[in-house]
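First comes the structure, then the notes that go with it.
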Amino acid sequence: MSTEVCGSSLLLSLPDDVLSTVSRSLSPRDLCNLSLCCRDLHDSVASEKIWLTQCEMVGILAAKDLMDWRTGMASYKALCRFLSSVEPLMGIWVHQNPELGNVVYVMPGFVSVVGCRIIPQELGPLGIEDGPILWAPVFEILGDADGTPSFFLHGKKEGIDYFYPGLVKAVDKSCNVLLLEVETKSHKNGYNNLSHSKSFVNHSDQEARKVCRSNSDLSRSRKVFGEPEAKVSFDQLAFCDRRQLLETVMNQVRVKVSSRVAGPLFPRLRDEVNFDEDMAVLSERRSVLMQYCKVGGSQLSGTGSSELLPDPTQLELSKLKKSVDGSSGLQKSINRDDDHQVKCGKKKTLGRYLRQSLNQILEKSGFINDSKGMLKNNCSCSVMNKYVKLEEFLQSSDTIGLALHASTKKLSSYRGWPNMHENRFALYKLPMRVPTAEQEYAGLWGGTFGWPPGKPTEDKPGKALFFLLLSYEKSQGQVFLIATKILEGTHYVLHPNGSAMFRVNINEPSADPFPWESDGDLFPVNIQHTFSGEGIANGYGFRYPGSKPGSLYVFQNGQLAFIWKESKSVLTLQRLNLQELLKKGERVPPLQPTDNFSYLTKSYSNVFNGFPNTSTSFSLPRETCL
């Protein structure tokens, strides 16, 4: 081969279609590195065809949807940047509480991904496919024109819907825990892997150089030896500090939802009549939200003009530091107005409100010392050595705001259900296995008890809807199919989250005949396979259920039915496509913001219906409306 067609010349000589096909063997990082080789390769790699191919390889969207999303992006490269950053978030996330089920499904919106909570519910007469599934919004991540993600938490307080804007921290590719945190920023250290957003406010360099005098011994030693001070993470705080700091920040950054952004979060099915109308509404809604992220505190009018208002996403730490800067003057700043307050006047300013809010947290956390020593506090856990003081978390920061943190944690699990922390504002990802020839029943299934499947009766007009995650495990040379409960539509929980509703041996056929000859439409029942196993039963209390023999039946139409041998109870199941069900579903209001993201209170009933709007956080005197 001549030197004229070697190296970069060979790639440059390829047609765009061929180069696009070759790029399928490269990652986005490889393409970016390739573009650094020379100017000609930079121009070739910038081809829209190449980056469209990369978007297709991410696997989130179909080709038609990619073209629709491209209208909201500067290029396919920017779209690929956004899709790659949010791809690890797609799928099912859960929490242990409430025990009826806390299932959040992350799915595509419009140049966004949306976290939707499936509400525990009864199945109506239309069945799963045609009956509307109830769901509530949890959060959104919207992509800017350059692919930068922005985070919006949903919540409802005192009957009013709010957005709670924040930042998206760098997403781990293998993330299994989704955390709601408060993130600090210092001018010296930059954004610490955060995506840019107006949720964080800048201060002067003089303010940035101020640090709290009360440091830990470790911090002092680092300063003595000239070592950089280690950043204190949010999860190092005690639970009560984390909760109250989240609520304080959210009360400051919240944005009242107006009619302009109260529309749909994702389009209906593409073959429906109103799909184009949905896309127009979604495009307008995204423009409003992105404009808010860029200009901050502006109340947008219908004509697009803006009236400048104080930015609700700004939490000013410089004024707060003055009330916590130094342990000797801390007590005085709480009990009376200091010289700075006299200069600023006696009116209740935003700075004073935030200072008083943080002082309340510090008082309860036990971080305020008088001349005789540490004051008594209601949150003694914060003083333990394993927790970091709140003022240490805040001392070197200039700004503060909400952040979504998708990280990878080492978690133990039992039959696919993760063992969860009780005091983390977190959601936990369930591994979804794609059905294969060897594991053809793996995936998400839904159904009800009773025969015929999904048909209400006079005494039971609605049947509790169950979501089960089917997975496989090998034990002692045998292959078992396990059905893990993740959602239960009863009024009061029957089985804990993560319970194995049944477990069958794939290698052991059942000899028990199916009790019915026809289904609800009087069509004959055709059984394709049968397996022996055991189903959940009353055991040693709620937490330790027992099991009784039963059989799993596979119908020719792909549906499943497990029958308990002794009681003849039957649980019928069909495979679910949550994205399609939610697009045909019915939206209901969310909970309060912290509970809406992660409900930590132990509960055995349906808290998502008629949740009381109570709060222990601090009220805010003014609001901004989008």
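The values are calculated or read from the model by the stated rules, or taken from the named source; none is laboratory data. Nothing here was measured: the structure is a model prediction, and the numbers come from that model. Methodologically, a virtual Cβ is constructed for each residue, glycine included, from the backbone with ideal geometry; neighbour enumeration extends over all protein chains shown. The accessibility values were calculated without ligands, DNA or RNA, using every heavy atom of the protein model including side chains. Shrake-Rupley method; radii C 1.70, N 1.55, O 1.52, S 1.80 Å.
Things to note:
- Rg/Rh for segment 432-577 (Cα atoms only, Rh after Kirkwood) is 0.94.
- Other residues with beta-carbon under 10 Å from the beta-carbon of His405 carry, at +1 per Lys or Arg and -1 per Asp or Glu, a net charge of -3.
- Neighbour cut-off at most 12 other Cβ (10 Å), DSSP loop, GluC sites (Glu not before Pro), segment 121-189: Glu158
- DSSP-assigned coil residues among trypsin sites (Lys or Arg not before Pro) in segment 392-499, each with at most 15 further Cβ atoms within 10 Å: Lys409, Lys410, Arg415, Arg433
- Solvent-accessible area of segment 10-86 (1.4 angstrom probe, protein heavy atoms only): carbon and sulfur portion equals 56 percent.
- Residues of segment 564-594 with amide N under 19 Å of a point placed 7 Å along Cα→Cβ from Asp521: 572-577
- The residues of segment 382-433 present an accessible area of 47 Å² per residue when probed at 1.4 Å with all protein chains retained.
- Probing with 1.4 Å while keeping every protein chain in the model, the per residue accessible area of segment 10-86 equals 53 Å².
- Cβ-derived FRET efficiency at R0 60 Å, Asp17 paired with His421, nearest 0.05: 0.75
- Tyr492 accessible area, 1.4 Å probe, all protein chains in place, Å² to nearest 10: 140 Å²
- Intensity falloff of segment 413-512 expressed as log10 I(q)/I(0), Debye formula with alpha-carbon point scatterers, at q = 0.16, 0.24 Å⁻¹: -0.84, -1.33
- Remark: segment 10-86 is approximated by an ellipsoid whose semi-axes, taken from the C-alpha gyration tensor as √(5λ), come to 21, 12, 11 Å, largest first.
- Using a probe of 1.4 Å, the accessible surface attributed to Thr71 totals some 110 Å² when neighbouring protein chains are kept in position.
- Rounded accessible area of Ile141 (nearest 10 Å², 1.4 Å probe): 0 Å²
- Segment 432-577, accessible surface, carbon-and-sulfur percent (1.4 angstrom probe): 51 percent
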